[in-house]
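Colleague: Structure incoming, see below.
The values are calculated or read from the model by the stated rules, or taken from the named source; none is laboratory data. Owing to the predicted nature of the structure, the values given are computational and were not obtained by experimental measurement. So basically every Cβ, Gly included, is an ideal-geometry build from the backbone, and we count neighbours across all protein chains shown. All accessible areas refer to the heavy atoms of the entire protein, side chains included, with ligands and DNA or RNA removed. Shrake-Rupley method; radii C 1.70, N 1.55, O 1.52, S 1.80 Å.
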Amino acid sequence: MELVISLVLIVVIFIALIMFFTFVPVGLWISALASGVKISITTLIGMRIRRIVPSKLVYPLIKATKAGIDIPINKLEAHYLAGGNVDRVINALIAAQRADINIGFERAAAIDLAGRDVLMAVQMSVNPKVIETPVVAAIAKDGIELRAKARVTVRANIDRLVGGAGEETVIARVGEGIVTTVGSSDTHKAVLENPDLISRTVLNKGLDAGTAFEILSIDIADVDVGRNIGAQLQTDQAEADKRIAQAKAEERRAMAVAKEQEMKAAVQEMRAKVVEAEAEVPKAMATALRDGKLGVLDYYNMQNVIADTQMRDSIAKSGADVPKADA
């Protein structure tokens with residue numbers, strides 16, 4: 001019986017020790033003390049209670065202490081609870097210290113919470129980044145299109161990382177500067193002869209204002225000649241004028257055809273009236289004969305006159321067709 005009680009007691013003690021060392025990070029506390037980090041065991045237990053993984057704060061604190069950076073553990077806890085990346089912030093502070101860049105924990109934490117990679121920003125401050133713009137098409141005053149591509153060398157501006165615009169804004173502004181420079185040139189040849197004209201004009205505009213970067217240089221990587229937009233516009237205008245003239249000519253032709261049809265209809269109407277009038281002549285003569293207003297001799301005399309007139313017309317026409325003999 002005593003043996004069973006002893007075994008149960010040993011198991012309980014063993015389970016209690018496991019739970020103790022699981023809940024209380026004794027090993028982490030020993031590592032911190034060995035690294036010169038003064039942190040109490042109660043602080044680590046408090047992290048467990050606040051649902052903080054102690055290793056995510058202690059190991060970065062050890063790195064900071066070894067680098068000579070003094071940061072209170074409370075600030076690390078606050079940044080962790082706010083959703084920040086403590087390890088990345090400590091790495092950024094160490095890199096900034098080595099590069100002699102003045103940046104404090106508060107600013108680094110604010111940059112990290114703003115959603116920017118503070119370590120990359122510090123590295124970009126030391127090693128500038130080259131941003132390559134897409135091909136930008138612009139048209140000079142002579143109507144020739146130029147297609148340019150630029151490489152922008154930028155350096156991160158730590159003071160403007162929070163609230164500053166990103167790479168997209170820099171690329172858009174550089175593209176706008178290229179379009180403005182080429183568009184203000186009298187000929188495309190002037191731009192081809194001096195591509196640095198674009199660089200100088202763009203740099204003088206202060207394109208990095210309000211951005212998280214500082215523009216160091218703008219280099220024109222490539223300039224190609226594109227389409228002759230001016231000639232194409234003139235061709236399109238000429239084609240449009242041609243179509244308008246054709247439409248007007250077709251309108252005039254349609255009006256002329258309609259007028260001709262109208263005149264033909266009028267002539268036919270007049271002929272119909274003449275035929276109708278001629279058809280009334282025999283009726284009128286018959287009525288005159290019946291009423292005694294026209295005698296038979298008068299009728300025959302009129303017929304003779306008509307026949308004589310027709311004969312004279314025939315003789316005149318036949319005489320005009322026969323050529324005259326030589327004298």
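Colleague: Would you mind listing the strands (runs of 3 or more DSSP E) fully within region 58-172 where at least 1 residues are at pLDDT 85 or above and surrounded by 21 or more Cβ atoms within 10 Å (Cβ to Cβ)? Steps first, please.
Modeller: Details: elements: 129-132, 136-139, 144-156.
Those strands (runs of 3 or more DSSP E) span 144-156.
Colleague: Yes or no: A288 touching a Gly at 6+ places or on another chain (Cβ under 8 Å) and either small (G, A, S) or at pLDDT 75 or above (or both)? Before the answer, list the steps.
Modeller: Working: touching a Gly at 6+ places or on another chain (Cβ under 8 Å): no; either small (G, A, S) or at pLDDT 75 or above (or both): yes.
No: the conditions fail for A288.
Colleague: Go through region 192-244 residue by residue and tally those that are open to solvent by 70 Å² or more (accessible area, probe 1.4 Å), free of Cβ contacts under 8 Å to residues at least 12 places away in the same chain and part of a loop (DSSP other than H, G, I, E, B).
Modeller: 1
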